[in-house]
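Have a look at the structure below before the remarks.
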Amino acid sequence: IRSYHWLEALRSRHEVHMVTLRDETSNAEHESQLRRRCASLSVIELSGWRSRLRTLGSLVRGEALSLGHFRESGAQDAIRRLSRDVTFDLIFEYSSPMAMFTADSSQTPRIMDMVDVDSAKFESYARLGRGGRRIIYRLEAGRLGRFEEAIAATHDAVVLCTEPEADILRGRC
């Protein structure tokens with residue numbers, strides 16, 4: 001609902017070009033609705049087994065596992081193609097891992113809707129978890145937290161769902 005209303009608000013006054021990821025369980029029938037609302041749409045299939053391999057690679061590289069999970073090269077390629085053809089006034093990103101795709105777009109204003117501070121959620125999972133999961137959640141909390149702080153430092157604005165979530169991010173930055 002939140003992302004739908006962002007799209008409707010943006011398209012009421014702007015031309016919207018969207019690049020989005022779809023996992024294997026997503027309902028493809030919504031794609032036609034998006035095509036009617038966007039000047040262009042690139043839907044990139046998120047492969048389950050490749051996502052798991054990339055997540056494992058992130059663990060070894062010392063980066064947030066969430067970044068590896070969503071790092072689908074097709075999304076980066078689609079954004080590069082669009083950037084060659086379109087001069088953007090603004091880049092709007094929905095969900096913190098998406099910032100990895102626009103890191104080289106620093107000349108264009110960027111707004112991130114994090115929705116919530118995901119690293120805080122992983123901190124909570126680490127407190128409640130057991131064994132190996134607890135360790136993984138703690139690692140993800142720290143790594144993703146550093147990435148979220150970088151987003152706050154490099155984006156022109158960050159939007160969160162609630163004031164308590166905004167307070168968490170403000171307290172870290």
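The values are calculated or read from the model by the stated rules, or taken from the named source; none is laboratory data. This one's a predicted model, so the numbers in the text were calculated from it and none came from an experiment. All Cβ positions, even for glycine, are placed from backbone atoms using ideal geometry, and neighbour counts span all protein chains on display. For the accessible areas, the whole protein counts, side chains as well, though only heavy atoms, and no ligand, DNA or RNA atoms are used. Shrake-Rupley method; radii C 1.70, N 1.55, O 1.52, S 1.80 Å.
Of all DSSP beta bridges in the chain, what percent run antiparallel (nearest 5)? Could you put the intermediate results ahead of the total?
Values: 0 of 15 bridges.
If I count the DSSP bridges inside the chain, around 0 percent turn out antiparallel.
Would you mind checking the tilt of helix 163-172 against the longest principal axis of the Cα atoms of the chain, expressed as 0 to 90 degrees and rounded to 10?
That helix lies at roughly 70 degrees to the long axis.
With log10 I(q)/I(0) by the Debye sum over Cα atoms at q = 0.12, 0.14, 0.17 Å⁻¹ as the read-out, I listed (i) -0.60, -0.82, -1.21; (ii) -0.70, -0.91, -1.19; (iii) -0.52, -0.69, -0.98; which label goes with the value calculated from this structure?
Given (i) -0.60, -0.82, -1.21; (ii) -0.70, -0.91, -1.19; (iii) -0.52, -0.69, -0.98, the structure-derived one carries the label (i).
Where the only charges are on Cβ atoms (+1 Lys, Arg; -1 Asp, Glu), what is the dipole of segment 7-90 about its Cα centre, to the nearest 20 debye?
The calculation lands at about 160 debye.
So what's the gap between the Cα centers of segment 119-171 and segment 33-55, to the nearest angstrom?
Going from one Cα centre to the other spans 24 Å.
Using a probe of 1.4 angstrom, how much of the accessible area of segment 74-136 is carbon and sulfur, in percent? Mind dumping the intermediate values first?
Numbers: 1800 of 3580 Å².
Looking at segment 74-136 in its full context, I get 50 percent from C and S.
Sorted by average packing, counted as other Cβ atoms within 10 angstrom per residue and highest first, what order do 98-108, 157-167 take?
98-108, 157-167
I want the local charge near residue 137. Using Cβ-Cβ distances under 12 Å, sum +1 for each Lys or Arg and -1 for each Asp or Glu among the other residues. Before the final figure, lay out each step's value.
Numbers: positive: 121, 127, 130, 133, 134, 138, 143; negative: 118, 123, 140.
After counting each charged neighbour, the total is +4.
Using only Cα atoms, find the angle between the long axis of helix 48-61 and the longest principal axis of the chain, and express it within 0 to 90 degrees, rounded to the nearest 10.
The answer is roughly 60 degrees.
Below 13 angstrom from the Cβ of residue 154, what's the summed charge of the other residues (Lys, Arg +1; Asp, Glu -1)? Don't skip to the answer; put the middle values down first.
On the way: positive: 110, 146; negative: 93, 104, 148, 149, 156.
Here the count lands on -3.
Using the heavy atoms of the protein chains and a 1.4 angstrom probe, tell me the accessible area per residue for segment 6-87 in square angstrom.
Values: 5200 Å² over 82 residues.
I get 63 Å² per residue for this part.
Based on Cβ point charges of +1 for Lys and Arg and -1 for Asp and Glu, what charge dipole magnitude is obtained for the chain about its Cα centre, in debye rounded to the nearest 20?
560
I'd like the orientation of helix 118-128 relative to the chain: the angle between its Cα long axis and the longest Cα principal axis, in ° from 0 to 90, rounded to 10.
Result, in degrees: 30.
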